[in-house]
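The values are calculated or read from the model by the stated rules, or taken from the named source; none is laboratory data. All of these numbers come straight from a predicted model, not from anything done at the bench. Note that each Cβ is placed from the backbone with ideal geometry, even for glycine, and that neighbours are counted across all protein chains shown. Protein only, heavy atoms only, side chains kept; ligands, DNA and RNA dropped before computing areas. Shrake-Rupley method; radii C 1.70, N 1.55, O 1.52, S 1.80 Å.
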Amino acid sequence: MALFKSIFTISALTLVSRLFGFIRDVLIAIFLGTGILADIFFVAFKIPNLFRRLFAEGALSAAFVPQFLSLNNKSGFEHAIRFAQEVLSILVLVTLGFVVLMQMFMPIVILLFAPGFLQSKEKLDLAIVLTRITFPYLIFISLVSLMSGVLNALGKFAAAAATPILLNVALIGSLILLSEHTQTPAHALAWGVSVGGLMQFIWLLIYCSKLGVYLRLTLPKFSKEVMLMLKRIIPVAIGAGVYQVSLLIDTIIASFLPSGSISYLFYADRINQLPIGIVGVAIGTALLPTLSKSLIANNEKLALDTQNRAIEFSIVLALPAAIALIILAGPVISTLFERGQFGADSVVSTAAALSIYSIGLPAYILIKALVPGYFSRGDTSTPIKIAGFAIVINIIFNLILMGPFLHLGIAAATVISAWCNVALLSVFLWKRGQLKPDNLFLYRLPRAILATLIMGCLVYLGAFLFEESLNGKVFEKFITLIALVFLGLTSYGCITIYFKVYSLKDITGVFKQKI
């Protein structure tokens with residue numbers, strides 16, 4: 001249950017961050033809508049975020065945490081911290097050099113990431129300017145990810161999980177306070193991205209120092225421990241970031257589609273990211289150090305049990321979220337975004353994309369639960385092969401579906417790719433004997449599926465009965481949507497308890513555990 005306690009801690013703080021994120025997205029929808037300006041900002045925001053999720057979050061977490069734990073266990077805390085300082089020094093050098101290089105060649109970078117912008121000089125020039133403003137964010141967030149890895153390895157999850165809140169606060173503040181003083185609201189948002197990264201860095205620096213964890217800059221030293229970690233980083237980045245690579249491919253292809261396509265996908269993905277962040281990221285973050293500790297202690301049985309509980313927990317939470325988003329896609333998008341520059345046509349196009357993305361929601365979360373099964377054992381070659389295959393599948397289906405279905409075809413290709421990834425990750429773990437569904441998993445799974453179907457019927461019935469309210473004024477829509485969400489949560493909770501998926505004792509036990 002300690003794993004679930006860690007997951008709950010991360011999830012609760014992520015939920016707060018996502019709520020601030022919704023406020024941010026609502027303001028972006030009001031100021032930018034789904035037009036050219038929005039498309040350009042989303043590209044400028046997505047490019048540094050891609051590298052963040054591939055290298056800073058994905059690679060550092062997966063390659064650094066198991067190694068830090070192993071050194072801490074075998075050689076002591078001081079040796080582990082010295083290793084972290086060596087990584088920090090190299091990270092500063094590499095990210096600083098990378099950012100300078102990207103600034104110099106930004107026109108080429110934009111053409112690579114959004115080649116469709118070449119059709120409009122105005123789009124291209126503005127994208128170059130905004131991405132140059134946002135890109136320093138990568139330096140700060142890379143350092144934040146390293147400090148987060150140290151804290152997570154030590155079982156301190158709260159401070160790192162709270163950092164995204166600061167980024168959202170910075171973006172909200174930039175829109176409200178700077179928009180009137182910059183050339184466009186998109187310029188204000190771009191500055192907010194870099195300022196938000198600085199705020200996150202300062203926050204964790206202060207928190208680490210209070211715990212007595214001091215990461216000082218030293219002369220870059222490529223010790224054998226650092227070389228081992230660097231050897232693992234590239235394949236880990238691709239293996240852990242296949243979903244982000246898929247989204248990048250979506251952006252590249254969407255840049256050739258009519259204006260608004262990138263924005264439709266962005267807003268739909270933002271909603272889809274809520275359960276992914278609350279459940280998937282939390283499970284992946286908590287699972288990696290937990291599995292690593294079990295394997296360091298040569299307790300394969302505990303590792304298998306932990307893996308089963310993580311996958312089971314992923315399914316139990318992801319299935320109802322996916323069904324609810326599919327049913328309520330229209331009301332959710334309308335309630336959150338339909339105002340200002342975000343009109344009725346934008347609602348229809350974005351809601352359709354959200355419905356498709358939601359089909360892949362369980363897959364996105366299961367990837368977070370399956371990948372640590374490889375990384376905790378030091379295996380990075382298998383995930384990279386699987387990820388590479390999934391990316392190829394994504395590209396093929398993008399090219400097949402984008403013609404007849406436009407941005408909806410791009411969303412569908414991402415879903416197909418994600419499910420292929422899950423299937424292959426599961427099969428290879430199972431063949432190695434590192435994934436064995438136990439009796440408890442087989443008992444809970446069908447009951448969770450049945451509970452989800454019943455909940456879905458109730459939510460659909462509620463949406464049908466209150467259709468007029470869902471199409472009413474903003475406040476009326478908001479209250480009705482909240483009521484339907486509450487109906488879904490309470491009905492699913494009661495049904496899962498009735499079907500004995502989880503007992504009240506299991507649930508209350510989570511809150512009594514210390515981490």
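Things to note:
- If the condition is being out of contact with any Phe, Trp or Tyr (no Cβ under 8 Å at 6 or more places or on another chain) and either open to solvent by 30 Å² or more (accessible area, probe 1.4 Å) or under 19 Å from I139 (Cα atoms) (or both), then segment 167-194 contributes L167, A170, L171, I176, L177, E180, H181, Q183, W191, G192.
- From the list L151, L50, L69, L124, the one residue that fits, being part of a helix (DSSP H, G or I), at pLDDT 80 or above, aliphatic (A, V, I, L, M) and under 30 Å from S381 (Cα atoms), is L151.
- Failed criterion for F105 (all others in (1) surrounded by fewer than 18 Cβ atoms within 10 Å (Cβ to Cβ); (2) in contact with a Cys (Cβ under 9 Å, 6 or more places away or on another chain) hold): (2)
- Meets criteria (polar (S, T, N, Q), touching a Pro at 6+ places or on another chain (Cβ under 7 Å) and on the phi < 0 side of the Ramachandran plot) for S179: yes
- Filtered residues of segment 471-496 (kept if open to solvent by 80 Å² or more (accessible area, probe 1.4 Å) and assigned to a loop (DSSP other than H, G, I, E, B)): N471, K473
- Residue check, V459 touching a Gly at 6+ places or on another chain (Cβ under 6 Å) and either open to solvent by 80 Å² or more (accessible area, probe 1.4 Å) or of a type in the set (V, I, T) (or both): yes
- Check on V348, surrounded by fewer than 22 Cβ atoms within 10 Å (Cβ to Cβ), at pLDDT below 90 and either assigned to a helix (DSSP H, G or I) or over 17 Å from the mean Cα position of the chain (by Cα) (or both): yes
- In this entry, A318 passes the filter for residues that are modelled with pLDDT of 80 or more, surrounded by 21 or more Cβ atoms within 10 Å (Cβ to Cβ) and within 17 Å of the chain's Cα centre (by Cα).
- Against the list (1) part of a helix (DSSP H, G or I); (2) without any contact (Cβ under 8 Å) to a residue 60 or more places away in the chain; (3) surrounded by fewer than 21 Cβ atoms within 10 Å (Cβ to Cβ), the condition D379 fails is (1).
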